[in-house]
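Data block below; observations after.
The values are calculated or read from the model by the stated rules, or taken from the named source; none is laboratory data. What you are looking at is a predicted structure, and each value in this text was computed from that prediction instead of being measured. Here the Cβ is made from the backbone with ideal geometry for all residues, glycine too, and neighbour counts use every protein chain on show.
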Amino acid sequence: MFESITQSLGKAFSAFRGAGKITEGNIREGMQQVRQALLEADVAYDVAQTFINSVTQKAIGEEVLKSLRPEQQIVGIVHQELIDLMGPVSHSLAIRREGTSVIMMCGLQGSGKTTTCGKLATRLKEQGYSPFLVAADLQRPAAIEQLKIIGAQVGCPVYSEDPQNSNPVQVCRNGVAAAKRSGAQVVILDTAGRLHVDDGLMRELQQIDSLVAPDQALLVCDAMTGQDAVNSAKAFNDALELDGVILTKLDGDTRGGAALSVKAVTGVPIKFIGVGEQLDRLEEFHPDRMAGRILGMGDILSLYEKAKKEFNEEEMLRQQERMQKGKFTLDDFRNQMRQIKKLGSMRDIMKMIPGMGAMVDQLGDMNPEGELSRIEGIIDSMTMHERQNPEIIDRSRRNRIARGSGVDAADVNKLLKDFSMMAKMMQGMSNMGLRDRLRMMKGLTDGGFLNPGAEIVEKKLRSGRGPADKDAARDKKKKQKKEAAKAKKRNRRR
Ligand SMILES: Nc1nc2c(ncn2[C@@H]2O[C@H](COP(=O)(O)OP(=O)(O)O)[C@@H](O)[C@H]2O)c(=O)[nH]1
Ligand SMILES: [Mg+2]
């Protein structure tokens, strides 16, 4: 997998070998080669360009990590950028706690839909669900037979109708009804594909989509077809609002272009990958592992992680000292937030904290980074003098800061109040024993200050908006969209 891109990226990184440090000159030269490597891998042009711009910016802005050579540091930055390019991903299949969930599979002919239906059914069965397959591809005579064989292998029922006297929409409707009657928990619809995206195919899929309202619409894409796969993904997503992509045949993909571009071009993440013909050859897609595989430099990556961690620890220690001396300013606070952000997305950090994992789901579409960025924005709008002496911020300064950062004056006030409370606590803490420190920390986190997501989570918990309501909201959104489209059509006819 990915041999060719791994090789050409390796060559690109060698541009930094022997360099004393990262400079604008060698980074530009190296990035030209990275771009070349990406284009050869069949990554979409815009995606490659945006990617190297972003790496360049980070590389120039990043502190020099003493223990690393420039080449190693660049690999680390590219690794992180690759992860951001392909993620974040949720592997959830939105399966309801009760009743029957419907997964609709679509994709071009030969992309691996039928095989992947079998793989998903296998996976679901392993997880203790009872899957049910529906043969809705009436295009190819052998397709129904193929799904029946796969169903027998998995050990799950397959619904089919005589293709002469039926149509795909009817098969899906009847199939879902049959699955419900049989008490199956998950129905997987194997729909028809065409050799190319065409209107007939899209209309048929839209009909099925509106009739059975699937919980998940997944697109199956053949990784070996590179940018074509990405373009078809875009077309399918425009017509159907996909929930995820399953990228197949990665076992034969040496270039990696589709894996790298799908998310950036369509906004839809890859949830699973197919890595072989057998029914157990389905894996969850993990951007970090994929980025590691593409770079093929496990040792350098772990070195980079370690150096980063040490750097963070050094910086944290320095700040702790300032805190204890009562010298902790808003500027230090801002630096600290940047450090936190560098550790990864707030969601990922929360997932690593015991007991917080469940809260991540409750966040829904909320964006704790947004809250951090807002605080950062407010501090950015202060002068250095203000950051170091917040007590001089009077009404007119406060209004200026609020205008500059696009928030209400009340938000500035709240930040100042929270900060002064925190600074006092921090200073007090340095003279305390461990037990009192912990008690104090708890006070801070409960207040939602050191944990900007908390307030949001609490709000959500209070309003009881869980995953089930999210489904309802999604259905409602779809319905509204459809109504609007219908109304438009009606108007046009008049
Ligand atoms: N190597 C490999 N082959 C696959 C994978 N997924 C599907 N295939 C093969 O691709 C071909 C087409 O698959 P099929 O499921 O019939 O595609 P459909 O037309 O979209 O239903 C078959 O020969 C499959 O065995 C995969 O992940 N790796
Ligand atoms: Mg098929």
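Of all residues in segment 80-130, count the ones that are in contact with a helix residue (DSSP H, G or I) (Cβ under 6 Å, 6 or more places away or on another chain), among the small types (Gly, Ala, Ser), within 13 Å of ligand 2 (Cβ to nearest atom) and more than 20 Å from Ser182 (Cα to Cα). The total comes to 1.
Exactly one residue out of Gly128, Gly112 is surrounded by fewer than 21 Cβ atoms within 10 Å (Cβ to Cβ), of a type in the set (Gly, Ala, Ser) and in the same structural domain as Ile246 (by TED's automatic domain parsing), and it is Gly128. Scanning segment 178-197 for residues being under 12 Å from Val158 (Cα atoms) and out of contact with any helix residue (DSSP H, G or I) (no Cβ under 9 Å at 6 or more places or on another chain) gives a total of 3.
A count restricted to segment 276-313 and to residues that are buried (at least 20 other Cβ atoms within 10 Å of the Cβ) and part of a loop (DSSP other than H, G, I, E, B) stands at 2. Going by what's in this entry, would Gly226 be described as of a type in the set (Gly, Ala, Ser), more than 12 Å from ligand 1 (Cβ to nearest atom) and touching a Phe, Trp or Tyr at 6+ places or on another chain (Cβ under 8 Å)? So Gly226 does not fit the description; no.
Annotation: Thr122 fulfils all but one of (1) in contact (Cβ under 8 Å) with a residue 60 or more places away in the chain; (2) more than 21 Å from Ile273 (Cβ to Cβ); (3) not hydrophobic (A, V, I, L, M, F, W, C); the unmet one is (2).
If I ask for residues that are surrounded by 14 or more Cβ atoms within 10 Å (Cβ to Cβ) and either in contact (Cβ under 8 Å) with a residue 60 or more places away in the chain or assigned to a helix (DSSP H, G or I) (or both), which ones from segment 12-27 would you list? Lay out the reasoning, then the answer.
First pass over segment 12-27, keeping only residues surrounded by 14 or more Cβ atoms within 10 Å (Cβ to Cβ): 12-13, 15-16, 19, 22-23, 26-27.
Those that are surrounded by 14 or more Cβ atoms within 10 Å (Cβ to Cβ) and either in contact (Cβ under 8 Å) with a residue 60 or more places away in the chain or assigned to a helix (DSSP H, G or I) (or both): Ala12, Phe13, Ala15, Phe16, Asn26, Ile27.
Just one of the listed residues (Gln206, Gln216) is closer than 15 Å to Ala136 by Cα and within 26 Å of the chain's Cα centre (by Cα), namely Gln206. Taking the numbered list (1) touching a residue at least 40 places away in the same chain (Cβ under 8 Å); (2) closer than 14 Å to Leu189 by Cβ in turn, Gln153 passes all entries but (2). Just one of the listed residues (Ala152, Ala142) is hydrophobic (A, V, I, L, M, F, W, C), over 24 Å from the mean Cα position of the chain (by Cα) and within 13 Å of ligand 1 (Cβ to nearest atom), and it is Ala142.
Checked against the criterion of being within 16 Å of ligand 1 (Cβ to nearest atom) and either crowded, with 16+ Cβ neighbours inside 10 Å or assigned by TED's automatic domain parsing to the domain that holds Thr116 (or both), the candidates Val268, Val262 yield just one match: Val262. Checked against the criterion of being among the β-branched types (Val, Ile, Thr), surrounded by 14 or more Cβ atoms within 10 Å (Cβ to Cβ), in contact (Cβ under 8 Å) with a residue 24 or more places away in the chain and more than 18 Å from Tyr304 (Cβ to Cβ), the candidates Val43, Val34 yield just one match: Val43. Right, Ala152: in contact with a Ser or Thr (Cβ under 6 Å, 6 or more places away or on another chain) and farther than 20 Å from Ile273 by Cα or not? Spelling it out, it is not the case that Ala152 is in contact with a Ser or Thr (Cβ under 6 Å, 6 or more places away or on another chain) and farther than 20 Å from Ile273 by Cα.
Among the residues of segment 109-122, those identified as near ligand 1 (Cβ under 7 Å from one of its atoms) and under 22 Å from Val169 (Cβ atoms) are Gln109, Ser111, Lys113, Thr114, Thr116. Starting from residues that are under 32 Å from the mean Cα position of the chain (by Cα) and modelled with pLDDT of 95 or more, keep the ones in segment 181-196 and report whichever is farthest from ligand 2 (Cβ to nearest atom). The qualifying residue farthest from ligand 2 (Cβ to nearest atom) is Gln185. When segment 162-180 is limited to residues that are within 16 Å of ligand 2 (Cβ to nearest atom) and more than 33 Å from the chain's Cα centre (by Cα), the one that is nearest to Ile144 (Cα to Cα) turns out to be Pro163. Listed by first and then second residue, the pairs with beta-carbon distance under 9 Å, at least 6 apart or on different chains, first residue in segment 92-113 and in a strand (DSSP E or B), second surrounded by fewer than 24 Cβ atoms within 10 Å (Cβ to Cβ) and aromatic (Phe, Trp, Tyr), are Ser101/Tyr129.
Residues in segment 64-73: is at least one among the small types (Gly, Ala, Ser) and within 16 Å of ligand 1 (Cβ to nearest atom)?
Start the filter on segment 64-73 by keeping residues that are among the small types (Gly, Ala, Ser), which leaves 67.
Applying the additional criterion that residues be within 16 Å of ligand 1 (Cβ to nearest atom) yields none.
No; the residues of segment 64-73 include none that is among the small types (Gly, Ala, Ser) and within 16 Å of ligand 1 (Cβ to nearest atom).
Here segment 247-292 is the region considered, the condition is being within 20 Å of the chain's Cα centre (by Cα) and of a type in the set (Ser, Thr, Tyr), and the residue that is nearest to Ile77 (Cα to Cα) is Ser261.
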